[in-house]
Each structure stands twice: as structure tokens, then as C-alpha cells.
């Protein structure tokens, strides 16, 4: 499975393991603005992918892990690509980062 999305930010998290699955369910929430957790914005779309062992994040430099909710937030996206290979989810994308 490979999907491409044009979103501004995403949140990655996990749900409990589903019956019959060895691993947990990954959820990917897609948003139209940065830092959606700060304003309570509802996601444009939520993907739930069962039986995922791990997520590998490639080619993205600005990634935040929020300990309060155990979520990973990736902002400043131009595009996002998700690709599943059995129990591994690959997250790739293009970011438009502000100049430092």
C-alpha cells in the first residue's frame, strides 16, 4: 500500500492491539494546519492501519515527539507518502521549513 497526501501536518499514534493481531494499530491523522493539537482542530482524515510493528520516518527533519500524549507531530509538510511493507510503515514527505 502506497498513498500520497497533500497536507500541512500529521500526528502519528497507536491504538491497542486488535484481536488476532501480533502488533498494535497505527493511526495517522492528517491536518490542514500546523500544530493541530494546540487548537483542537479535527483531522481532515484519520487512517487506522492494524498490525504495525514499527514506523520508519525518512527524509523529514522537523519531527516532534510529545510525551504528554505519546504522539509524533510532523509540521510544515507539502506532501506526505505512506507505504506499508507487511508490518512496517514508511513515512516520507517533503517539508517547507522556515528559514532559521
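Every number in this text was worked out from the coordinates using simple rules, so none of it is lab data. On a predicted model such as this, the values are computed, not experimentally measured, just so you know. Glycine also receives a Cβ, built like all others from the backbone with ideal geometry; neighbour counts cover every protein chain displayed.
Annotation: extensible slack from residue 96 through residue 2 equals 31.6 nm (criterion: 0.36 nm per residue apart, minus Cα-Cα distance). Oblate is the label for segment 60-100, because a/c, from the alpha-carbon gyration tensor with a ≥ b ≥ c as root eigenvalues, is 1.5 or above and a/b does not exceed b/c.
Among 24, 45, what is the fewest-to-most ranking by other Cβ atoms within 10 Å?
Values: 24 17, 45 11.
Ranking 24, 45 by Cβ neighbours within 10 Å, fewest first, gives 45, 24.
Dimensions of the chain based on its C-alpha atoms, expressed as ranges along the principal axes with the largest first, amount to 46, 26, 22 Å. Computed per residue of the chain from DSSP H runs no shorter than four, each worth -39500 (n - 2.57), the mean residue ellipticity at 222 nm is -500 deg cm²/dmol.
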